[in-house]
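Asker: The structure follows.
The values are calculated or read from the model by the stated rules, or taken from the named source; none is laboratory data. Note that this is a predicted model, so its numbers are computed, not measured. Positions of Cβ are backbone-derived with ideal geometry, glycine not excepted, and every protein chain shown enters the neighbour counts.
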Amino acid sequence: MAMIRRTRQRRAVLDVLEANDRPLTPGELHELARGHDPRIGLRTVYRHVRQLVAEGRLIGVDYPGQPRRYELVSPGGGQAHFICRICSRVFPLEIEVPVINPPNPPGFVIEGEEVIFYGRCNNPACRRASAPRRRPQSRSDSSKARSG
């Protein structure tokens with residue numbers, strides 16, 4: 001087994017992951033790690049991400065239409081996430097994820113599961129963004145609802 005080098009770049013990547021409350025893309029990791037070590041390169045961040053995944057300390061978070069993000073492995077196992085529909089940031093949710101053991105369809109291998117919630121995050125710009133508009137009720141619609 002290869003020896004793990006404990007460099008200041010590795011420490012910068014881990015510090016950023018520990019300090020942030022959400023999964024991060026390698027680009028976000030790089031940008032934030034530069035606050036700890038201005039000389040850290042994007043390739044170095046990718047290398048440390050690969051090593052941390054191989055060590056089982058980091059997990060990739062994949063959602064349709066989203067770039068892969070990484071977060072530290074949570075001690076309890078599965079992790080639910082919230083995705084902001086405005087800024088596309090992903091946040092972990094501190095909720096218990098139920099264990100579901102569905103039967104494998106013949107010839108299939110289930111490799112994991114994801115629990116996703118969508119909405120708008122607490123960023124002021126996202127909160128101000130227009131929510132999907134509902135069709136206003138006409139008088140006939142509202143009278144049907146009352147009499148129905």
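Each row is one residue, and each column tells you yes or no for (1) in contact with a Pro (Cβ under 8 Å, 6 or more places away or on another chain); (2) hydroxyl-bearing (S, T, Y); (3) closer than 17 Å to E18 by Cβ.
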{"residue": "R57", "(1), (2), (3)": "no, no, yes"}
{"residue": "D62", "(1), (2), (3)": "no, no, no"}
{"residue": "P67", "(1), (2), (3)": "no, no, no"}
{"residue": "L72", "(1), (2), (3)": "no, no, yes"}
{"residue": "R89", "(1), (2), (3)": "no, no, no"}
{"residue": "P92", "(1), (2), (3)": "yes, no, yes"}
{"residue": "E96", "(1), (2), (3)": "no, no, no"}
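Asker: Got a sec? Which of D37, D15 is of a type outside the set (K, R), part of a loop (DSSP other than H, G, I, E, B) and surrounded by 10 or more Cβ atoms within 10 Å (Cβ to Cβ)?
Answerer: Values: D15 fails: part of a loop (DSSP other than H, G, I, E, B).
None of the others qualify; the one that does is D37.
Asker: Could I ask something else about it? What is the one condition in (1) outside any helix (DSSP H, G or I); (2) crowded, with 16+ Cβ neighbours inside 10 Å that I95 does not satisfy?
Answerer: (2)
Asker: Another one. What is the one condition in (1) in contact with a Leu (Cβ under 6 Å, 6 or more places away or on another chain); (2) closer than 26 Å to A12 by Cβ that R34 does not satisfy?
Answerer: Of everything listed in (1) in contact with a Leu (Cβ under 6 Å, 6 or more places away or on another chain); (2) closer than 26 Å to A12 by Cβ, R34 misses just condition (1).
Asker: Would you confirm, using the coordinates I've provided, whether L52 is at pLDDT 95 or above and assigned to a helix (DSSP H, G or I)?
Answerer: For L52, the condition - at pLDDT 95 or above and assigned to a helix (DSSP H, G or I) - is not met.
Asker: While we're here: Would you say A125 is at pLDDT 90 or above, at negative phi and among the small types (G, A, S)?
Answerer: Working: at pLDDT 90 or above: no; at negative phi: yes; among the small types (G, A, S): yes.
Answer is no for this residue.
Asker: Here's a follow-up. Any residue in the stretch 41-49 that is crowded, with 16+ Cβ neighbours inside 10 Å and assigned to a loop (DSSP other than H, G, I, E, B)? It would help to see each step written out before you state the result.
Answerer: Restricting attention to the stretch 41-49, the residues satisfying the condition of being crowded, with 16+ Cβ neighbours inside 10 Å are 44-45, 48-49.
The next check asks that each one be assigned to a loop (DSSP other than H, G, I, E, B); those that pass are none.
So far as the stretch 41-49 goes, no, none of its residues is crowded, with 16+ Cβ neighbours inside 10 Å and assigned to a loop (DSSP other than H, G, I, E, B).
Asker: Run F117 past the list (1) at pLDDT 85 or above; (2) more than 13 Å from the chain's Cα centre (by Cα); (3) surrounded by fewer than 12 Cβ atoms within 10 Å (Cβ to Cβ) and report the number of the one that doesn't hold.
Answerer: (2)
Asker: Report, by residue number, each residue of the stretch 19-37 that is small (G, A, S) and either closer than 22 Å to G65 by Cα or touching a residue at least 24 places away in the same chain (Cβ under 8 Å) (or both).
Answerer: Correct list: G27, A33.
Asker: A further question follows. Looking only at the stretch 50-71, how many residues end up being buried (at least 16 other Cβ atoms within 10 Å of the Cβ) and either within 19 Å of R8 (Cβ to Cβ) or more than 14 Å from the chain's Cα centre (by Cα) (or both)?
Answerer: Final tally of qualifying residues: 3.
Asker: Among R69, R6, R47, which is the only one that is at pLDDT 85 or above, over 24 Å from A125 (Cβ atoms) and of a type outside the set (A, V, I, L, M, F, W, C)?
Answerer: One residue alone meets the criteria, R47.
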